[in-house]
Amino acid sequence: MKEYTYTEKKDTRSGFGAGLSELGKTNPNVVALCADLTGSLKMDAFQKAHPDRFFQVGIAEANMMGIAAGLTIGGKIPFTGTFANFSTGRVYDQIRQSIAYSDKNVKIAASHAGLTLGEDGATHQILEDIGLMKMLPNMVVINPCDYNQTKAATIAVAKYHGPVYLRFGRPSVPNFTPADQEFVIGKAVLLQEGSDVTIVATGHLVWKALEAAKSLHEKGISAEVINIHTIKPLDEEAILKSVAKTRCVVSAEEHQRHGGLGDSIAQLLARKHPAPQEYVAVNDSFGESGTPDELMKKYGLDTVNIIEATEAVLKRK
């Protein structure tokens, strides 16, 4: 079994900030817009280095999306920055009409996604954003797992022409993927080979999936772990190849059970390879205030929940 370790924990939003700063130095067409949350989105360095390419629009998210769409007409590559809740739910009409429908080259950078926003509570947490975004034609949906992968994803999406939803978070999480990794949109990463069960995870749940795989190995269960950093387009080949071998799957995500990664996998399996599946996700509920760790445990998004889901799906093979 492959062992994964990390030397530090870092927040994924800082990975976005680092990637944006690098883009500022290498791509003069990259511009950034923020809705009064420059520090929270880690866009400070870009703002200081390129004040002529940074636009502080204030608490006017819908206006920010419209401006970003307009900037693409002149060949700019705009990155919009605010919390995931305000990047999607508050401005869905503007994204649908001005960005997705028009196939504009806008990169929607969404921080503080999911429950791990923590103490700000249900009004600021969003657990529906992946579903909202993946249903839009032309929209790419990316949810990286750690600092290094978020930085690599930020740089990669600037090279891709078309609308992208880039989702990341607030808490510090294990930074375990390579700093020099190649980020390929739509290409899953096989982290752990196994023969008994496929665990497909995204975002903050990837590390927890690796922890679960280690515990399962000690119980004599061989788990294959796949990091799905791109939810749309989904790497169908990687999932089908794994499930053909293991004959069952567990999906794990910091999102509602309805409309997220798990649903995309279920649709794929229903069409091409029916197999038992268990979900590790929030079960049709809003969040609440609390520390990230407390909320992840209460809402069933912890390592133990992945282990329990695995044991349950194995009984259904």
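Derivation of every value follows stated rules applied to the coordinates shown; laboratory data play no part. Bear in mind that the values here come from a model prediction, so they are computed numbers and not experimental data. Methodologically, a virtual Cβ is constructed for each residue, glycine included, from the backbone with ideal geometry; neighbour enumeration extends over all protein chains shown.
Helical runs (DSSP H, four residues minimum) scored at -39500 (n - 2.57) apiece and divided by the length of the chain put the mean residue ellipticity at 222 nm at -10500 deg cm²/dmol. Just to confirm the number: angle between the C-alpha axis of helix 303-314 and the first principal axis of the chain, 0 to 90 degrees, nearest 10? Value to nearest ten degrees: 50.
Principal axis extents of the Cα atoms in region 84-175, from largest to smallest and rounded to whole angstrom, are 36, 29, 15.
Could you sort the peptides 175-188, 243-256, 260-273 by per-residue average Cβ neighbour count (10 Å cutoff), highest mean leading?
Taking the mean over residues of other Cβ atoms within 10 Å, the ranking is 243-256, 260-273, 175-188.
In order along region 55-66, phi translates into HN-Hα couplings of 10, 8, 8, x, 7, 8, 4, 4, 5, 4, 5, x Hz, rounded to whole numbers, per the Karplus curve 6.51 cos²θ - 1.76 cosθ + 1.60 with θ = phi - 60° and x for Gly and Pro. Most tightly packed first, judged by the mean number of other beta-carbon atoms within 10 Å of their residues, the peptides 103-110, 192-199, 277-284 read 103-110, 192-199, 277-284. Electrostatic bookkeeping for Gly24 treats Lys and Arg as +1 and Asp and Glu as -1; over the other residues with beta carbon under 12 Å from its beta carbon, the sum is 0. Along region 41-53 the Karplus relation, 6.51 cos²θ - 1.76 cosθ + 1.60 evaluated at θ = phi - 60°, assigns HN-Hα couplings of 8, 6, 9, 4, 4, 5, 4, 5, 6, 9, x, 7, 10 Hz to successive residues, with x for each Gly and Pro. Bridging of Lys219 to lysines at a Cα separation below 29 Å is possible for Lys2, Lys9, Lys208, Lys241, Lys245, Lys297, Lys298, Lys315, Lys317, once same-chain residues fewer than 8 apart are set aside. Amide hydrogen proximity for Ile77: with H placed 1.01 Å from N in the peptide plane, the residues at 5 or more positions away or on another chain lying under 5 Å are Val30, Val31.
Working note: Karplus 6.51/-1.76/1.60 with θ = phi - 60° gives region 148-164 the couplings 4, 6, 5, 4, 5, 5, 4, 5, 5, 5, 5, 7, 8, 9, x, x, 9 Hz, where Gly and Pro are set to x. Proximity of backbone amide H atoms, modeled 1.01 Å from N, is registered between Ala122 and Glu288, Ser289 at under 5 Å, excluding neighbours fewer than 5 places apart on the same chain. Among Pro163, Pro51, Pro78, the largest mean-square fluctuation in a Gaussian network model of the chain, built with springs joining Cα atoms closer than 10 Å, belongs to Pro51.
Taking amide H as placed 1.01 Å from N in the peptide plane, Phe55 has its amide H under 5 Å from the amide H of Ala32, Leu33, Cys34, each at least 5 places away in sequence or on another chain.
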